[in-house]
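**Q** Here it is: the structure, laid out below.
The values are calculated or read from the model by the stated rules, or taken from the named source; none is laboratory data. Source: prediction; values computed, not measured. In this analysis, Cβ positions are derived from the backbone assuming ideal geometry, glycine residues included, and neighbour counts consider all displayed protein chains.
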Amino acid sequence: MRLPMATPTGWRREGNLPAELTSFIGRTRLLANLKRRLNESRLVTVTGIGGVGKSRTVLRLAHQVRSQYEDGVWFADLARLQDAGMVRHTIASALGIADQSSRAESESLSEWVGERQMLLIIDTCEHLVQGCAELVEELLESNPNLKVLATSRQSLHLPYEHVVPVPPLQVPGDDPAEGLFTNESVQLFAARAGAVMPDFVLDEENISAVAELCRRLDGIPLAIELAAVRLRALSVEQILGLLTDRFSLLAGASRTALPRHQTLRAAIGWSHELCEPAERLLWARLSVFAGDFELDAARFVCADERLPQEDITDLVTGLVEKSILLIRSNHAGVRYKLIDTLAEYGEEWLDKLGETEPMRHRHLDYYLSLAQRGEDAWSGPRQIYWFVRMRQEHDNVRVALEHALRTPGKTMLALKLLSSLWFMWICCGFTREGRLYLERALQANPGVSKERCKALWVLSYVRSAQGDSGGALAASEQCSTEAVRVGDSKAVILASKMQGTAALLQGDLQKASALLGVAIEFNTDNKELNPGLLPAIVELSLVLNSQGEMYEAESLLADCLQVCKERGELWVASYANWALSIVCLATTRAADALRSAQEALRIKRHFHDTLGTLLVLETTARILTAQDQMSLAARLLGALHQNWKSAGLPMLGAPFLTTDHDQVVKECKKSLGEQAYDEYFGEGTRLDLDEASASALGELDTIE
Ligand SMILES: Nc1ncnc2c1ncn2[C@@H]1O[C@H](COP(=O)(O)OP(=O)(O)OP(=O)(O)O)[C@@H](O)[C@H]1O
Ligand SMILES: [Mg+2]
């Protein structure tokens, strides 16, 4: 299997805009107006009824103005988010911000944005207006170069907000001077018709029916798209005839037009009726997914005796053909997504069927088993695949967790899901989120159990990764106590490992050495290689190095790297290379040290491992100082200063790192002089982590 390249998108300066999958029609004036508003104001909210084109128009605009924002245009979609408390998380993770520190999230979100000149798009705010408004207000207040563009069915009610309503597309007759063929609604219909029936052309024969259809559909893009799909089976006249009958039935005998929001409902309802019963049922069931999903997930969650597994693929294809489902393919495979308004409709339908709870349970079961598969496979040759996969499933994982935490009798599953995902919290840059959830789940499951023990050592690991060594120690000690009570020897070993990690961060080398030694010694069958044995070896080598036992440290690391190589374990290998660079430096082999540090950095690029990257860059700055490359070292110090802010406690507060850091600063200043030092340092503060890594790898010669 080919491993996907996984440069964490969040680190790229240009932003994270999704691609536009279909052609964009018209809206010239609206786009010009939006651009003007955005120049004048720092907050523009695009409002309008469902399906009118808010998200799509904003996306088009975003692509058009992208080059004007030095630090990119960023897109956060809140459509399927249920919990207002997760707005910050969702935005932070869309921005790709390392979610490491234990400080208040708003602080690190604001700090990350800092002086950056960027446009943040928050799509679909209406169900979380209050939470969005508070966050936007905070961000705009503390970040002078930030602009926000929101879409919402209602405004955010902020005093300086510019509200721009999105009307439906022009329909024939709106502008008497306009020809029928050039009308935007007609053009949208023709474009979508062409996708369904490649030989479809607008001509004198069908134009008046198409024009009438667009008028009937009030120029609502989603309604037009849904109607165009019916061309597979019907002519334009037939569609128009059926729709007219249906709408007049709905509008009552008076034959007055339907209000606009009802037009869309009616169009959706009509699409719904025209689906096969099995497709309808699948549509409803698919509404439990948040964001997009894989076919496998649909098969597991939605199939039963009424929807046999072997039929799901064809049914999904049917829904794609009817424009109910969107297809998204990327390097990791094909994924599907229900269009927002249609997902809402599906949700209501599911509720009417009384299937909401059972479907949510199945959704939870699926993500639990996926997480467990990921955990089992993590320390192996498909590590990068699992990193990419779980990042894609993040929204679904959140929904599953929320469901488990809120449902009596299911909270233990939350604990299991969270613990299995230790690699996601620790290795992929989501410590803060992991911690919040773990603490909630532990509270919800107070009785002593094996599941709790596992959650406790994971929590300890997460807290260590945030530099909260006191909290880490507390959790691992509790784990140890409870593990003895339930007779869980595996948890006892892992608790010892985590206690050792916390002791290392606190600079208690003797305690660290004893505890890590115990974890290594008792891991006799080598089952817990990662997160247990291999990281314990790396950490013990750091302890030994600090104690002046460089030879032992190096030979431990050589063994560790060998095991990593045999299993295809990359994440620990990157840490082992980092530790090796520290040992090489301590034995005055700066060139070897640099090679190992660079190897570590290259591996870390595959993961969203902000913490790991920062740690390696700290060591790289030291190596460069030893090589008398003071200007580059000073730049790295600047970049580190800036990037630790959003990552957590600088140097994890660990004495073995902070002492070295202070020494490097001193040497650089002495060699360069304060003024030159400040200049290089200042240049460094403008580097994001990706750029800092590139400069440490010798890929950036100069800094613009
Ligand atoms: N100008 C346009 N050109 C082409 N397609 C469009 C245009 N405007 C909207 N669409 C299409 O119409 C559909 C609905 O648009 P969109 O999702 O942007 O609506 P929305 O207002 O964001 O709805 P919601 O309130 O449900 O989020 C989408 O499939 C979109 O691609
Ligand atoms: Mg939308």
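**Q** Scanning segment 11-65 for residues that are charged (D, E, K, R) and touching a residue at least 60 places away in the same chain (Cβ under 8 Å), which turns out farthest from ligand 1 (Cβ to nearest atom)?
**A** For segment 11-65, the residue satisfying everything is R13.
**Q** Scan (1) surrounded by 21 or more Cβ atoms within 10 Å (Cβ to Cβ); (2) of a type in the set (A, V, I, L, M, F, W, C); (3) farther than 24 Å from G72 by Cβ for the single condition L128 breaks and write down its number.
**A** (3)
**Q** Find the residue count for segment 339-358, including only residues that are crowded, with 19+ Cβ neighbours inside 10 Å, within 11 Å of ligand 1 (Cβ to nearest atom) and of a type outside the set (V, I, T).
**A** So the answer is 3.
**Q** Could you check how many residues of segment 567-612 are touching a Cys at 6+ places or on another chain (Cβ under 8 Å), buried (at least 24 other Cβ atoms within 10 Å of the Cβ) and aromatic (F, W, Y)?
**A** Of the residues in that region, 1 qualify.
**Q** Could you say whether any residue in segment 211-221 is within 38 Å of the chain's Cα centre (by Cα) and within 16 Å of ligand 2 (Cβ to nearest atom)?
**A** The answer is yes; a qualifying residue exists.
**Q** Those residues that are touching a Lys or Arg at 6+ places or on another chain (Cβ under 7 Å) and crowded, with 23+ Cβ neighbours inside 10 Å, I need them from segment 400-416; list them, please.
**A** Scanning segment 400-416 gives A404, L415.
**Q** Taking V113 and the conditions (1) at pLDDT 85 or above; (2) within 16 Å of ligand 1 (Cβ to nearest atom), which numbered condition does it fall short on, given that it satisfies the others?
**A** The number of the failed condition is (2).
**Q** In segment 337-380, which residue that is within 16 Å of ligand 2 (Cβ to nearest atom) and part of a helix (DSSP H, G or I) is nearest to I49 (Cα to Cα)?
**A** T341
**Q** So which of S489, S513, S546 ends up being among the hydroxyl-bearing types (S, T, Y) and more than 20 Å from F656 (Cα to Cα)?
**A** S489
**Q** Another question, if that's okay. Say we look at segment 316-336 and pick out the residues that are of a type in the set (V, I, T) and away from ligand 2 (no atom under 16 Å from the Cβ); which of these is farthest from S287 (Cα to Cα)?
**A** Filtering first and then ranking leaves V334.
**Q** Taking segment 269-294 on its own, how many of its residues are crowded, with 22+ Cβ neighbours inside 10 Å and at positive phi?
**A** Counting residues in segment 269-294 that are crowded, with 22+ Cβ neighbours inside 10 Å and at positive phi gives 0.
**Q** Ok, one more. Is it the case that some residue within segment 226-247 is farther than 18 Å from G318 by Cβ, modelled with pLDDT of 95 or more and not small (G, A, S)?
**A** For segment 226-247, residues farther than 18 Å from G318 by Cβ, modelled with pLDDT of 95 or more and not small (G, A, S): absent.
**Q** Moving on to the next point. For A441, indicate whether it is buried (at least 22 other Cβ atoms within 10 Å of the Cβ), more than 29 Å from the chain's Cα centre (by Cα) and part of a helix (DSSP H, G or I).
**A** no
**Q** Suppose the filter is modelled with pLDDT under 90, surrounded by fewer than 22 Cβ atoms within 10 Å (Cβ to Cβ), out of contact with any strand residue (DSSP E or B) (no Cβ under 8 Å at 6 or more places or on another chain) and not hydrophobic (A, V, I, L, M, F, W, C); does G194 pass it?
**A** Here the answer is no, as G194 does not meet what is asked.
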